[in-house]
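For reference, the structure is listed below as structure tokens.
The values are calculated or read from the model by the stated rules, or taken from the named source; none is laboratory data. These numbers were taken from a predicted model, which means no experiment stands behind them. Cβ atoms come from the backbone with ideal geometry, glycine included; neighbour counts cover every protein chain shown. Keep in mind that these areas ignore ligands, DNA and RNA; they rest on the heavy atoms of the full protein, side chains included. Shrake-Rupley method; radii C 1.70, N 1.55, O 1.52, S 1.80 Å.
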Amino acid sequence: QMWEEAIALGKELAEQYENEMFDYEQLSELLRKQAQFYENIVKVIRPKPDYFAVGYYGQGFPTFIRNKVFIYRGKEYERREDFEARLLTQFPNAEKMKTTSPPGEDIKTSSGQYIQCFTVKPKLDLPSKFHRPVSEQIVSFYRVNEVQRFEYSRPVRKGEKNPDNEFANMWIERTIYVTAYKLPGILRWFEVKSVFMVEISPLENAIETMQLTNDKINNMVQQHLSDPSLPINPLSMLLNGIVDPAVMGGFANYEKAFFTEKYIHEHPEDHDKIEKLKDLIAWQIPFLAEGIRIHGEKVTEALRPFHERMEACFRQLKDKVEKQYGARAILSGLEERRGSRPRSMVRSFTMPSSSRPLSVASVSSLSSDSTPSRPGSDGFVLEPLLPKKMHSRSQDKLDKDDLDKDKKEKKKEKRNSKHQEIFDKEFKSTDISLQQAEAVILSETISPLRPQRPKSQVLNVMSGERRFSVSPAPPGAQLTPPPITPRTKLAFSIQPNLELNGMSSSDSPDVPPPLPLKGSTADYGNLLESQDLISPTTSPPAHQRVSP
């Protein structure tokens, strides 16, 4: 479950896959694993193993462990008693020492085997990348991993014993152990390379205890905010032990020991430390208020009287603290977790306007001298305006789009971004005007194209009122070419107001106009139909073909 170490190794491997081997399949699989590791760090609660200091004293041990101290990393949920039993099975003749103080020379030089074992606390050493406050779920890994300094605190009483308040003369003798390497490593135990001891005064011990208590309350509150399914019992015990003075006395013992006129007069150098302790007491109230609020939301009916008593005690405590040390306020954990949707969740598929063809909506917007209401709104999804599309097909497509518009509004497609959905709503108000502009543009675009001739048109020969016949000639008849008919005498039986290529029949000159330039094979499709009227099997005589 050391996912942080797996992520670090995965990043090295990803560099090889991406830039050296170009194995993108393995890279994608590795990145999926890393994503799962990050999710596990935040959501999965990992057990915290204990660390034990073990000293081997006496000449009966092998030389590589004789009179040396080692720090061991215990197994998950392993108690000190279980660890000692496992350790003594390796040295059945060893004797377990009853004290935690360093042994004398008589024990070190004796011929026997003496084992000293006690629990030590790892000292947090956060990496430099955490330069701002982060979640406790992330920091908790470094509280028991990648640690090299361990401490053991032993209470020592100095001066006269005060039966009314034991905190006034309780000093702490703290021993710091530094191992050769960080734990855990290739081994679950390393030798201690240096040991030194410091003394903590009663006031400094009180400040440290208050700080740890506030951190513990805040961490438990954050855990319940992150995972509402956590059991309520640990929170109940923690809050009741602090709020109810009949349980532990709270910080009232600190007030009796350090906030008296006698102590302030005898220790003027501790003025700043006293003010710091008062500030920590004031900051405990908002942490307790948030914890009691969460406790009230999750409490069962069976524990309702217990919660009401705890609330009554907290109200008295809050009034007293705010009156003496001032009020403090923090943002609620829920408010800190609220926020707008991250930008990474909003996907936009709009392209730069310079790298995509103009759509019908964008062309009409330009023609009407109107600017889009927002950047990127000209990316409304419509088919680009192609010059070779016929007017009838384009109009049918527009009609079909109008019929399906309501259906498309109800259906959310994954490829549509938020910007496009907003633009759909804004586009409704100007839909009619845009369609009119589209029709004009389409009509102007296809104006050079030649319209289809109806099949009902009949080609008549003005001179002689003769028609070309497709019936075969009688047998024996001599095939003589028909007389050359001038092109000026040919006319189409069309309506007087019908326009061809933008020119009426009354404006036809004696010399026929040249044919328009051929844009595609579809331009002369009507000529093929007129040839079918002449002869489906034979082509016209050569002398009737007049070049333009």
Requested in this report: Evaluate the Debye formula for the range 207-325 with equal point scatterers sitting on the alpha carbons, no solvent, and hand back log10 of I(q)/I(0) at q = 0.09, 0.21 Å⁻¹, in q order, two decimals.
Outcome: -0.28, -1.20
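Could you work out Rg/(2.2 N^0.38 Å) for the range 51-200, with Rg from alpha carbons only? The partial results should precede the final answer.
Working: Rg = 17.8 Å, N = 150, 2.2 N^0.38 = 14.8 Å.
That ratio works out to 1.20.
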Query raised in the report: Under a point spin-label approximation (7 Å from Cα along Cα-to-Cβ), what is the residue 96-residue 18 distance to one decimal in nm?
Result: 5.3 nm
**Report entry** Computed E for residue 6/residue 309 - FRET, C-beta separation, R0 51 angstrom, nearest 0.05
**Finding:** 0.60
Query raised in the report: Taking 0.36 nm per intervening residue step and subtracting the Cα-Cα distance, what contour gain separates residue 105 from residue 264 on full extension?
Result: 52.9 nm
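Taking R0 as 51 Å, what's the FRET efficiency between residue 35 and residue 174 from their Cβ-Cβ distance, rounded to 0.05? Walk me through the intermediate numbers first.
Values: r = 42 Å, r/R0 = 0.82.
It comes to 0.75.
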**Report entry** Point-to-point label distance, residue 237-residue 201, nm (Cα→Cβ direction, 7 Å offset)
**Finding:** 3.5 nm
Query - Rg/Rg_globular for the range 3-43, with Rg_globular taken as 2.2 N^0.38 Å and Rg from C-alpha atoms - result: 1.16
Report task. Take residue 156, project a point 7 Å from its Cα along the Cβ direction, then tell me which residues of the range 170-187 have their backbone nitrogen under 16 Å from it. Result -> 170-177
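How long are the three semi-axes of the equivalent ellipsoid of the range 123-185, in whole Å, if each is the root of 5 times an eigenvalue of the C-alpha gyration tensor, listed from largest down?
Details: eigenvalues 227, 55, 14 Å².
Taking √(5λ) for each eigenvalue gives 34, 17, 8 Å, largest first.
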**Report entry** Descending Cα extents along the principal axes, the range 6-85, whole Å
**Finding:** 59, 31, 14
Query raised in the report: How many angstrom separate the Cα center of the range 230-293 from the Cα center of the range 52-104?
Result: 38 Å
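Heavy atoms only, probe 1.4 Å: what % of the accessible area of the range 51-200 goes to carbon and sulfur, would you let me know?
Answer for the range 51-200: carbon and sulfur cover 52 percent of the accessible area.
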Requested in this report: For residue 142 paired with residue 301, estimate the spin-label separation in nm (one decimal), with each label point 7 Å from Cα along the Cα-to-Cβ line.
Outcome: 4.8 nm
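Using 0.36 nm per residue of separation minus the Cα-Cα distance, give me the extension gain between residue 229 and residue 272 in nm, one decimal. Provide the component values of the computation, followed by the final result.
Working: separation 43, 0.36 × 43 = 15.48 nm, distance 4.20 nm.
Full extension from residue 229 to residue 272 adds 11.3 nm.
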